[in-house]
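Just below is one structure, and these are the notes that go with it.
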Amino acid sequence: MNPRRLLALTSVVVGLAAGCTGAQSSASRPEEPLPTIGLGSPDFGSFTDADGAPVGGAEVVDPNVIDAEVSGVPAVGAEEVDTIVMIGDSVTVASTPALRAQFAAMGFDEPVIVAQEGKRMAEAVRDNPSGAAVAEFLTGGDAALSDDRANELWIIALGTNDIGQYDADEVAAAVNEVLANVPADAPLVWVDTHYRDEPAGETRVNDIIADRVGRRGNAVVAPWSFFAAGDGVLRVDGVHPSSSGSEVFAAVVAETAARFLGR
């Protein structure tokens, strides 16, 4: 591994979250899309005390956890990868500067990151297209024509806004719809979900993601859920990363990608 990346990874320190929670949204008319869990709200909560001082603890990303998830198997065609394409929701939005820095340290200076607050896997919400639709657009509408895209590593960080919205079959269908629009020959990292106050829903979504990603092949899951549960990584809403938690998210994504690509 690049020593500079390892140093950055092991020095990620975060402050404990404290303050007000984000509001939960709901659909006001029956014909509107299913409600999200409020992840589009800009008010994710403060992570300072009443006097404005940070309160804290520390959480460090453990490369051994990433090793266990990736299992040491390099991606098929890893040596050809020279581009990253990432689709995400508000967790990715909050972490985009840190993600760009991590990707640059890996040698990817111009990653394509498409992220929007409240983004769902397969359900459009007003002017917010689904992740599946974004993937379809980025591939020109035909993911099967993947010969020209084998040089891309795709990263999907979706599913949090779908927690509690569907039964298991519907979650699987949504994951499948996203995967159907990812180039078949491109290696894939799917970042799992974490929602502190919905553990059963989180487990359902993550189990299905792991199953479908495993069936696809040439793909791994980045264990955000493991690190997100650590002290201070999230704001008080139990979903969004604190300012330093965004660094943790980016480190988990980048470390998983680097180990998957053997870099």
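We did not get these values from a lab; they are worked out from the coordinates using the rules stated. Treat the numbers as computed from the prediction; the structure is a model and nothing was measured. Glycine gets a Cβ as well: all are built from the backbone with ideal geometry, and neighbour counts include every protein chain shown.
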Diffusion coefficient, µm² s⁻¹, Stokes-Einstein with Kirkwood Rh over alpha-carbon pairs of the range 85-174 at 20 °C and 1.002 mPa s:
152
Cβ-derived FRET efficiency at R0 35 Å, ALA180 paired with ASN64, nearest 0.05:
0.55
List residues of the range 210-234, by number, whose backbone nitrogen lies under 14 Å from a label position 7 Å along Cα→C-beta of ALA101.
none
Which value, in nm² and rounded to one decimal, describes the direction-averaged projected area of the C-alpha convex hull of the range 166-226?
4.0
So how compact is the range 181-263: Cα radius of gyration and Dmax in angstrom?
13.5, 39
Can you give me the relative contact order of the range 118-263 as a percent, contacts being Cα pairs under 8 Å and 6 or more apart?
21
The size of the Cβ-based charge dipole (Lys, Arg +1; Asp, Glu -1) of the range 137-263 about the Cα centre, to the nearest 20 debye, is 380
On the formula 1/(1 + (r/R0)^6), with r taken between the Cβ atoms of ASP207 and ASP231 and R0 of 25 Å, the FRET efficiency rounded to 0.05 is 0.50
Provide the FRET efficiency to the nearest 0.05 for the GLU79-ASP142 pair, computing r from the beta carbons and using R0 = 30 Å.
0.75
Equivalent-ellipsoid semi-axes (√(5λ), Cα gyration tensor) for the range 68-219, whole Å, largest first?
23, 17, 16
